[in-house]
Amino acid sequence: MASFCVLDEFEVHKNEEFLRIAEELKPELHEREIRPLSMVKVEKNEDGDTFVTDEKAQDTLKYRVFKKDESVILDFGTHYVGYLTLNLASAGSHQDAPAYIYVRFAERLDELTENTEEYTGWISKGWFQEEYIHVDVLPARLELPRRYAFRYLEIKVLDVSLKFSLVINDISVKAVSAVNDENIQLIKSDDAILRKIDEVSIRTLKNCMQFVFEDGPKRDRRMWLGDFRLQARANYRTFRNMSMVKRCLYLFGGLTFNEGKIPACLFLEPEIEPDDTYLFDYALLFGSVLLDYYRATKDQKTLEDLYPIAIRQIEIGLTYLNEDGIIPDRSGQFWCFVDWGDGLNTQAASLAILIYSMRYGIRLAEYMKDDKTIHWLTEKMEELKRSAVDHFWDGEQKLFVSGEERQVSWATQVWMILARVFDKEKNRELIIHTIEVNPEHSMVSPYMYHHYIDALIRSGERERALEEIKNYWGGMIKDHADTFWELYNPHNKYESPYGSVAINSFCHAWSCTPTYFLRKFYISEFE
Ligand code: RAM
């Protein structure tokens with residue numbers, strides 16, 4: 001279980017001007033009405049697994065009459081985010097009791113086989129997308145107030161009465177997103193899996209783009225800085241919705257806390273508010289989001305407004321260095337995220353991310369023509385690269401180690417490569433050696449895999465990177481992903497950081513980046 005780092009004091013600083021800029025950029029959502037395409041029948045096969053067959057929905061569903069304990073599972077064909085309306089009526093004698101129904105939404109069919117009553121995980125079971133509803137008077141047009149993320153909808157009639165049945169006349173969903181994918185061209189490739197990976201990445205991004213870049217429309221439905229950074233990258237190559245990135249940058253910039261720290265995430269309702277969680281790595285990466293945005297837009301005003309905040313994150317990061325010039329180990333706390341994965345030691349990676357963020361800081365300072373900052377950041381960055389090698393490089397293993405127990409993990413190698421502690425050729429040797437050794441502490445989230453792909457590409461291993469994209473994100477597709485998931489460990493498909501895979505999010509922001517890689521580094525090969 002992750003332990004949250006609760007701050008003793010939490011003092012929010014609001015920059016009203018920044019928040020006003022952000023508010024003006026709040027998007028209108030695109031709406032589309034959709035209906036289920038087919039019905040799903042769940043059967044048990046000899047192994048006890050579920051076996052599914054489809055039927056045409058509209059013919060069978062219209063005017064379908066349900067008695068007590070009867071149910072239906074509907075398939076909307078792919079993943080959507082939206083609001084459900086049911087048109088209900090009664091058949092038989094006068095309705096002499098409430099119709100009592102259960103509805104459950106699922107992003108993947110597997111979720112419907114999980115019993116939510118048995119869930120004992122450490123995050124709220126309120127995230128399960130299920131409702132128990134009483135309908136006192138029929139006919140009724142039932143508009144559910146909550147927004148759901150799903151492909152499948154199960155409706156179960158828990159009770160009616162002996163004298164009447166429930167009739168479902170119509171089921172519709174108002175699907176919402178800040179963007180429209182009608183004009184997005186998918187990549188041209190002879191490789192069907194790459195085309196599919198591109199399509200699924202774009203759907204993932206689209207369904208996470210609501211009033212802000214949400215991390216997951218099922219859960220957590222808020223904006224995490226680490227996820228936002230990757231979404232923005234995918235967005236520049238696809239929807240190119242620059243105002244959404246600008247809005248989110250100003251929201252983070254407008255809601256800092258304590259010494260000027262950027263919060264790890266923002267809650268959106270009832271009004272936008274920062275979470276009292278500081279994640280060392282996420283805060284440092286703010287500068288990288290700003291730099292990407294500036295390069296994509298050349299928006300000087302935004303750069304000037306937010307540059308001091310990005311540099312401030314680096315200054316704060318540096319205050320954590322100890323006398324040896326490294327970050328003390330706080331792996332037991334939810335303090336430097338890096339990746340999910342039990343027992344991952346994040347000490348060395350935290351230093352690498354600090355170094356990485358300094359390089360981005362220097363680039364920002366160059367655009368700002370801020371020579372003083374370029375100078376001190378460059379000097380300090382070189383010093384930290386030396387302490388990274390002195391403290392964490394294990395010359396015998398030819399790998400970086402982390403923490404007192406000298407843990408060897410994929411994450412540490414990847415971040416040291418991205419920090420460019422070594423030159424490109426040595427980085428290439430390191431990533432190849434890592435692949436050969438295959439450290440026990442593997443990567444589990446698409447967030448970490450994103451950085452692995454980035455490290456491969458930056459070390460000149462493009463072909464291998466493409467293969468890894470196909471293996472990893474293609475693996476989710478083979479497992480029927482309509483949108484990419486929060487967590488995918490090919491070695492343990494039931495892995496969850498929360499205690500049950502059913503509470504994982506299956507449309508998750510940080511997993512949408514293959515489209516960014518494909519379009520940025522490979523698209524010329526497809527055209
Ligand atoms: C989870 C979510 C989110 C991520 C944080 C660190 O709550 O998956 O996307 O950024 O962890």
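Worth pointing out:
- Checking each residue in segment 120-174 for being open to solvent by less than 40 Å² (accessible area, probe 1.4 Å), over 26 Å from T78 (Cα atoms) and of a type outside the set (A, V, I, L, M) picks out G121, S161, F164, S165.
- Meets criteria (more than 16 Å from the ligand (Cβ to nearest atom), in contact with a Gly (Cβ under 9 Å, 6 or more places away or on another chain) and either at pLDDT below 95 or in a helix (DSSP H, G or I) (or both)) for I202: no
- Looking across segment 216-268, the residues that are away from the ligand (no atom under 16 Å from the Cβ), over 18 Å from P308 (Cα atoms) and of a type in the set (K, R) come down to R237, R240.
- Out of I477, I432, I469, sole residue that is aliphatic (A, V, I, L, M) and touching a Lys or Arg at 6+ places or on another chain (Cβ under 8 Å): I477
- For beta carbons closer than 8 Å, sequence separation of 6+ or different chains, a first residue in segment 314-340 that is within 16 Å of F286 (Cβ to Cβ) and at pLDDT 95 or above and a second that is of a type in the set (D, E) and surrounded by 15 or more Cβ atoms within 10 Å (Cβ to Cβ), the qualifying pairs are C336/D281; F337/D281.
- Taking residues in segment 271-299 that are under 22 Å from K26 (Cα atoms) and open to solvent by 10 Å² or more (accessible area, probe 1.4 Å), and partners anywhere that are small (G, A, S) and away from the ligand (no atom under 16 Å from the Cβ), the pairs with Cβ atoms closer than 9 Å and at least 6 places apart or on different chains are I272/A22; I272/G254.
- Residue list for segment 300-332, filter: part of a helix (DSSP H, G or I), of a type in the set (S, T, N, Q) and open to solvent by 10 Å² or more (accessible area, probe 1.4 Å): Q300, T319
- Those residues of segment 481-500 which are away from the ligand (no atom under 16 Å from the Cβ) and at pLDDT below 95, in sequence order: P490, H491, N492, K493, Y494
The values are calculated or read from the model by the stated rules, or taken from the named source; none is laboratory data. Here the structure is a predicted model, which means the values were calculated and not measured. Virtual Cβ from ideal backbone geometry, glycine too; neighbours counted across all protein chains shown. We work out accessible area using only protein heavy atoms, side chains counted, and drop any ligands, DNA or RNA first. Shrake-Rupley method; radii C 1.70, N 1.55, O 1.52, S 1.80 Å.
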